[in-house]
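The values are calculated or read from the model by the stated rules, or taken from the named source; none is laboratory data. Every value quoted in this text rests on a predicted model; they were computed, and no experiment measured them. For accessibility, only protein heavy atoms count, side chains too; no ligands or nucleic acids. Shrake-Rupley method; radii C 1.70, N 1.55, O 1.52, S 1.80 Å.
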Amino acid sequence: MRIDIITIFPEMVEPYTNGSILGRAQKSKKVTIKTHQLRKWTSDKHNTVDDKPFGGGPGMVMKIEPFDKALKSLKLGKKSRVILTSARGKEFTHADAKRLAKYDRLVFLCGRYEGVDERVAEHLADEELSIGPYVLTGGELAAMVMTDAVVRHIPGVLGKSESLEEVHGSFPQYTRPDVYKKWKVPSVLLSGDHKKIEEWRKGK
Ligand code: ADE
């Protein structure tokens, strides 16, 4: 899989996508994650990516043209999906992470400022996704959250020791010491009785 993240703050995103499990997944060629500076696709002297809203109002709106040019330059094939990050989008879920992991390519368009020209959602993006019912200062964190949740579903990204834990069917975990400041690990987990342990975990 290849993931492209188009943003005016690539330097915010790269340390995350190059670290830990995402970094390891890239080194082992399970995924390639590229960030792109949106300003690359501007042609004016100030590399302007935003403008005043039609109809008036406070704040600035991100222009469609740089996003359009960025997407053209990526030369996307069939099995690709373009996602606009937005507080107005559908809320991203575990099921979306699994679904998006099946594409060959994902592109995240990160919104910023007070909004993005609606024609980006209408004509350039395949879907508009939010990571929750709150407003962030930009879509970069949302793109990182979704990238992380998607990449762990790519076969071979998680090692044997890192379980592909599902939202439901997860259970509390403990490790040594079995007693810490009087706080005890549930005794069933120390019993060695695997059947009982399984039952206890199912009940959690
Ligand atoms: N941009 C601003 N807020 C957002 C959110 N909650 N999810 C995705 N993108 C956003």
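Would you mind checking which residues have amide H under 5 Å from Thr32's amide H? H placed 1.01 Å from N; only 5 or more apart, or other chain.
Arg2, Ile3
Probe radius 1.4 Å, ligands and nucleic acids left out: which of Glu127, Glu162, Glu199 has the largest accessible area, and how do the rest follow?
Glu199, Glu162, Glu127
Pull up the DSSP beta bridges for the range 2-151 and report the antiparallel fraction as a percent, rounded to 5.
Around 10 percent of the beta bridges assigned by DSSP in the range 2-151 are antiparallel ones.
Would you work out what percent of the accessible area of the chain, with all protein chains in place, is carbon or sulfur (probe 1.4 Å)?
C and S atoms contribute 54 percent here.
Nearest 500 deg cm²/dmol is fine: what mean residue ellipticity at 222 nm does the chain get from its DSSP H runs of n ≥ 4 alone, each adding -39,500 (n - 2.57), divided by its residue count?
It lands at -7500 deg cm²/dmol.
Using only protein heavy atoms and a 1.4 Å probe, report how much of Ser163 is accessible, in Å² to the nearest 10.
Accessible area of Ser163: about 80 Å².
Please compute the length gained on full extension between Leu190 and Arg88, using 0.36 nm multiplied by the number of residues separating them and subtracting their Cα-Cα distance.
32.0 nm
Defining a contact as two alpha carbons under 8 Å apart and six or more residues distant in sequence, what relative contact order in percent does the range 1-153 show?
Relative contact order of the range 1-153: 29 percent.
Could you tell me, in Å, what Rg and Dmax come out for the Cα atoms of the range 135-204?
17.4, 50
Which three extents, in whole angstrom, do the alpha-carbon atoms of the range 41-160 cover along their principal axes, largest first?
53, 33, 23
In the full protein assembly as shown, how much of Thr35 is accessible to a 1.4 Å probe, in Å² to the nearest 10?
30
What does the accessible area of Lys196 come to, in Å² to the nearest 10, when a probe of 1.4 Å is used?
Only protein atoms counted, so the area is about 120 Å².
Which value, in Å², gives the accessible area per residue of the range 70-204 when a 1.4 Å probe is used on the protein heavy atoms?
Spelled out: the 1.4 Å probe surface of the range 70-204, per residue, equals 64 Å².
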